[in-house]
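Here is the structure we will look at, set down as structure tokens.
The values are calculated or read from the model by the stated rules, or taken from the named source; none is laboratory data. All of these numbers come straight from a predicted model, not from anything done at the bench. Please note: Cβ atoms are built from the backbone with ideal geometry, for glycine as well, and neighbour counts cover all protein chains shown. Just the protein is used for accessible areas: all its heavy atoms, side chains included, with ligands, DNA and RNA removed. Shrake-Rupley method; radii C 1.70, N 1.55, O 1.52, S 1.80 Å.
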Amino acid sequence: MNQPVPLSSLEEGQEALVGTLCAAGSIRRRLRDLGLTDGARVICLQKSPCGDPTAYLIRGAVIALRRQDASTILMKGVKAHGADDAIHRNSRA
């Protein structure tokens, strides 16, 4: 079915659920503190012109992650989604 993919591979407007954190140590703890826990919904909002960092919507907050860190987060259930719609829907909550 749906193979896990790194968060860094999501394109603008795509959303997915956090599956596995492959990071270790302090970066793993920091990612979890940012809300990247099993099953959390993440939407890729915008990639910088150079591709690094990328802005993601995570639990109502916009978080920028470097490609190196985002590649340690495996996502499941990737689907296309309107990034602008996500921001507006979240702002009404």
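Worth a mention:
- Segment 42-58, subset of a type in the set (Ser, Thr, Tyr) and modelled with pLDDT of 95 or more, residue surrounded by the most Cβ atoms within 10 Å (Cβ to Cβ): Tyr56
- Restricting Ser8, Ser71 to residues that are of a type in the set (Gly, Ala, Ser), touching a residue at least 60 places away in the same chain (Cβ under 8 Å), open to solvent by 50 Å² or more (accessible area, probe 1.4 Å) and in contact with a strand residue (DSSP E or B) (Cβ under 8 Å, 6 or more places away or on another chain) narrows the list to Ser71.
- Test set (1) in contact with a strand residue (DSSP E or B) (Cβ under 7 Å, 6 or more places away or on another chain); (2) open to solvent by less than 90 Å² (accessible area, probe 1.4 Å) - Ala61 fails condition number: (1)
- Candidates are the residues of segment 74-85 that are open to solvent by less than 40 Å² (accessible area, probe 1.4 Å) and among the aliphatic types (A, V, I, L, M); the one that is modelled with the lowest pLDDT is Ala83.
- Pick from segment 11-28, criterion in a strand (DSSP E or B) and without any contact (Cβ under 8 Å) to a residue 60 or more places away in the chain, ranking: surrounded by the fewest Cβ atoms within 10 Å (Cβ to Cβ): Thr20
- Total residues in segment 29-41 satisfying the condition of being surrounded by fewer than 16 Cβ atoms within 10 Å (Cβ to Cβ) and either assigned to a helix (DSSP H, G or I) or over 14 Å from the mean Cα position of the chain (by Cα) (or both): the figure is 4.
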